[in-house]
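A.B. asks: The structure that follows is given in the form of structure tokens.
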């Protein structure tokens with residue numbers, strides 16, 4: 001592993017992995033719809049952005065997150081700028097949590113994440129439904145929020161593992 | 001009390017105004033940018049539209065490349081699934097083929113007769129052009145059910161053209177870029193098209209649900225709609241030609257008149273984009 005770390009290219013690739021993951025996830029939302037899982041959808045971008053804004057803010061720059069949001073709007077078909085706004089609010093919430101936290105814990109992070117995605121999805125719903133007259137399904141939204149929240153536990157541990165073993169960041173818990 | 005309010009303000013200020021290392025913009029600045037994009041975009045501001053078109057072209061192409069691994073997994077999964085169902089499907093197909101061959105002869109006669117009669121009343125629509133397009137990406141997001149195709153205004157694609165998978169209707173073009181276009185699928189919540197339900201000749205509106213099926217709305221003869229009835233486009237509004245097959249009614253799941261589409265929208269790879277014009281009456 002030490003040999004790997006010394007190799008500049010691999011080191012750069014590993015430290016840029018969150019950014020690659022972010023752009024891959026917005027360009028290709030992994031919804032597993034071909035498996036016919038009717039009640040399964042989650043927002044991987046939210047998990048990734050929240051985790052890295054909270055734990056390792058230099059991993060994902062705000063400008064890249066803004067651009068990823070624009071890309072997501074184009075892919076999903078929502079008004080341009082809306083996803084960027086939601087992603088940046090998520091970053092803001094994560095940065096606020098980082099500033100007020102003295103003793104970090106995964107459960108607290110998760111609860112704060114749940115509250116944030118509830119607010120974000122409500123804002124998204126209100127904007128799309130009331131201003132842009134998009135029809136949205138409440139049930140799908142709830143399913144999405146619940147799965148995103150539950151999967152935060154899993155992905156948070158995976159990202160911790162990745163940061164500790166591959167990137168070697170001492171700040172990651 | 002005063003101290004906790006100060007802490008809150010400091011934390012908020014630090015979160016939204018402080019620039020991190022290698023950050024060019026603060027969070028608040030970028031939030032303003034997003035809001036400007038949103039507001040100007042909704043006002044159809046020209047510069048924003050050009051930015052949007054440029055992003056569209058980049059994103060649609062890169063999305064096609066990025067989604068290759070997922071498509072590979074998806075295709076292999078479907079190949080395995082198809083192999084497992086092969087024997088059962090073959091038996092079913094054999095029996096259906098016998099029935100269809102006999103029906104086909106009768107249909108050919110009816111189609112010719114219908115064409116002749118519609119020509120007499122000057123209501124016969126003909127396909128103007130058929131453009132074949134490849135599906136670049138099919139995003140089943142919770143917000144929109146749409147696909148991106150690799151043909152745009154360069155290939156004479158216009159807004160409102162209809163999109164078919166073989167002989168089945170799948171949607172219509174809602175956004176045209178230079179080299180690509182977005183097709184709103186019939187399953188989208190915002191899709192509403194006039195249809196006719198046979199037998200009984202019931203005119204109604206087919207609405208998308210955001211899932212893989214549609215529902216029948218707004219019909220006085222709602223209760224007369226039977227399970228297994230076939231849905232065709234009604235031709236009202238002259239956007240679609242009448243009689244394009246769409247799906248079949250299924251009332252097994254609930255009281256609502258659910259429409260199972262003939263075409264599987266998650267499996268679209270190539271589609272036909274067509275517009276209809278009135279034929280010159282002879």
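A.B. asks: How large is the Kirkwood hydrodynamic radius of segment A:2-167, counting all unique pairs of alpha carbons, in Å?
C.D. replies: That comes to 16.7 Å for segment A:2-167.
A.B. asks: Let me check the size of the protein assembly as shown from its C-alpha atoms; what are the radius of gyration and Dmax in Å?
C.D. replies: For the protein assembly as shown, the Cα-based Rg and Dmax read 25.7, 88 Å.
A.B. asks: Next up: What percentages make up the Cα-Cα pair-distance distribution of segment B:59-138 when the bins are 5 Å wide from 0?
C.D. replies: Computed distribution, short to long bins: 3, 10, 10, 9, 10, 12, 14, 13, 12, 7, 1.
A.B. asks: Summing -39500 (n - 2.57) over the DSSP H runs of n ≥ 4 in the protein assembly as shown and dividing by its residue number, what mean residue ellipticity at 222 nm do you reach, to the nearest 500 deg cm²/dmol?
C.D. replies: Taken over the protein assembly as shown, the calculation gives -16500 deg cm²/dmol.
A.B. asks: Helix A:17-27 sits at what angle to the longest principal axis of chain A, using alpha carbons and giving 0 to 90 degrees rounded to 10?
C.D. replies: For A:17-27 against chain A, the angle is about 20 degrees.
A.B. asks: Among B:207, B:191, B:95, which one shows the biggest mean-square fluctuation in a GNM of chain B, springs joining Cα atoms closer than 10 Å?
C.D. replies: Evaluated over chain B, the most mobile residue of the options is B:95.
A.B. asks: Let me ask something else about it. If you scale each eigenvalue of the Cα gyration tensor by 5 and take the root, what three semi-axes come out for segment B:132-273, rounded to whole angstrom and sorted largest first?
C.D. replies: 27, 15, 12
A.B. asks: To the nearest 10 degrees, how steep is helix A:44-55 against the longest Cα principal axis of chain A, on a 0 to 90 scale?
C.D. replies: 50 degrees
A.B. asks: Let me ask you something else. For chain B, find the longest principal axis of its Cα atoms and tell me its angle to the long axis of helix B:27-42, 0 to 90°, nearest 10.
C.D. replies: 40 degrees
A.B. asks: I'd like the Kirkwood hydrodynamic radius of segment B:192-266, using the inverse of the mean 1/r over distinct C-alpha pairs, in Å.
C.D. replies: 12.2 Å is the Kirkwood radius here.
A.B. asks: So, in nm, how far is label residue A:133 from label residue B:156 when the simple model puts each one 7 Å beyond its Cα toward the Cβ?
C.D. replies: 3.2 nm
A.B. asks: Here is a follow-up. How long are the semi-axes of the equivalent ellipsoid of chain B, defined as square roots of 5 times the Cα gyration tensor eigenvalues? Whole Å, largest first.
C.D. replies: 45, 24, 21
A.B. asks: If I model a spin label at residue A:103 and residue B:116 as a point 7 Å from the Cα along the Cα→Cβ vector, what separation in nanometres do I get?
C.D. replies: In this crude spin-label approximation the distance works out to 9.1 nm.
A.B. asks: If I model a spin label at residue B:220 and residue B:250 as a point 7 Å from the Cα along the Cα→Cβ vector, what separation in nanometres do I get?
C.D. replies: Placing both labels 7 Å along Cα→Cβ, they lie 3.1 nm apart.
Every read-out reported here was derived from the displayed coordinates using simple, explicitly stated rules and does not represent laboratory data. Everything quoted here is computed from the prediction, not taken from an experiment. No Cβ is skipped: glycine too gets one built from the backbone with ideal geometry, and neighbour counts run over all protein chains shown.
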